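Following: one structure in structure tokens, then a few remarks.
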Amino acid sequence: MTRITGKTRILFILGDPVAHIIGSALLNEHFAERGIDAAVSPLHVVPEDLPRALDTLRRLRNVAGFGVTIPHKIVVIELLDSIGERGRQVGAVNFVRRNPDGTLHGDNVDGLGFVGGLLEAGVAIRGARVLQAGAGGAGRAIAFAMAEAGAAELTIANRSPDKARELAEAVARAYPACRTRAGRDDPSACDIAINTTSLGMKTGDALPLPAERLGPAAIAAEVVMTPEVTPFLAAAAARGCRTVAGKAMLLAQLRAASDLVGLA
Ligand SMILES: NC(=O)c1ccc[n+]([C@@H]2O[C@H](COP(=O)([O-])OP(=O)(O)OC[C@H]3O[C@@H](n4cnc5c(N)ncnc54)[C@H](OP(=O)(O)O)[C@@H]3O)[C@@H](O)[C@H]2O)c1
């Protein structure tokens, strides 16, 4: 456990509710393992108090920054002084740096986390054909990040097809070198199949993709963290595929968040 002193940089994770938040404990472990003098606590902020909470955080000089979770990820944008390119593309911010002059700079580190997790597992993204299930918050961040990381093709399949189409068009505009389209959830010709939906969290959930059509050389990657081995990953492993669990994304996100607030 970090020994908190007057020199310790303080961070918060703002959400409503907060009882489920574990990112604070993981970030504290991350800082402790690296000998970084920083400490994190959840902060229960209800939506109507968000502007006042941010005004206060601007003035608190030992605050390095804060994470933002449900329900603040989108509304926080209008309260910040600047946001990074990824936050703008995704339309949501999940980490904010407090600059020494009290200005607040936010960005979205979900996509960096996902790509970081794949790269650390030794997965080659450049030139890959990617099939992504889902076009929600995590899916938006991951689609832009996979295109930015050099995927050759990206097909986005989503229960609500309009959201997949809108996302595919936005990614194609931002990264024309990646052939991005909305399409069917058929993974038979992909190198990397990704679940970005919440399917797999609850017992009895349908599979996000027909895993029985994965080729044995394909890689299956997941955003869902609990259970660690989702039915999708288990089905992919049974086909002989290499798998990357949702935890890899979370761990790489911690590093991206530390970088953003200057505590790497
Ligand atoms: N590992 C990490 O670090 C990390 C980080 C962020 C999020 N996550 C996880 O990512 C998952 C998604 O989070 P999110 O914030 O992106 O949620 P979200 O914005 O609510 O999006 C949910 C996505 O799942 C789809 N979906 C939900 N229920 C479905 C069903 N019954 N059948 C088919 N599709 C369904 C939605 O499709 P529609 O568009 O049709 O509704 C949408 O594409 C959660 O499990 C979350 O815990 C993990």
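The values are calculated or read from the model by the stated rules, or taken from the named source; none is laboratory data. Nothing here was measured: the structure is a model prediction, and the numbers come from that model. So basically every Cβ, Gly included, is an ideal-geometry build from the backbone, and we count neighbours across all protein chains shown. What goes into the accessible areas is simple: the full protein's heavy atoms, side chains included, and nothing from ligands, DNA or RNA. Shrake-Rupley method; radii C 1.70, N 1.55, O 1.52, S 1.80 Å.
Tabulated results
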item	result
Summed side-chain charge close to G87 - residues other than G87 whose Cβ falls under 14 Å, Lys, Arg +1, Asp, Glu -1	-1
Sum of side-chain charges, A217 neighbourhood, beta-carbon under 15 Å (Lys, Arg +1; Asp, Glu -1)	+3
Label-to-label distance, nm, for residues given as D162 and M201 (7 Å Cα→Cβ offset)	2.3
Estimated FRET transfer efficiency when R0 is 41 angstrom, pair S41-S188 (beta carbons, to 0.05)	0.30
Positive-end extreme of charge dipole, the chain - chosen from L26, H72, G139 (charges on Cβ)	L26
D_trans [Stokes-Einstein, Kirkwood Rh over alpha-carbon pairs] for the chain, 20 °C, 1.002 mPa s, µm² s⁻¹	113
Phi-based couplings in Hz for region 96-107 (Karplus 6.51, -1.76, 1.60; Gly and Pro marked x)	9, 9, 8, 6, x, 7, x, 6, 10, 10, x, 7
Where the chain is the region considered: accessible area per residue in Å², 1.4 Å probe	47
Taking the chain and dividing mean pair separation by its residue count, relative contact order in percent (alpha carbons under 8 Å, at least six apart)	15
Alpha-carbon centroids, region 1-76 and region 180-222: separation in whole Å	34
Sequence-distant residues sharing a close amide H with I194 (under 5 Å, placed H)	L131, Q132, A133, A221
In region 18-127, trypsin sites (Lys or Arg not before Pro) in a DSSP loop with at most 14 other beta-carbon atoms within 10 Å	R34, R61, R126
Contact order relative to length of region 9-108, as percent, for alpha carbon pairs under 8 angstrom and 6 or more apart	28
Share of carbon and sulfur in the accessible heavy-atom surface of region 183-264 [1.4 Å probe, %]	57
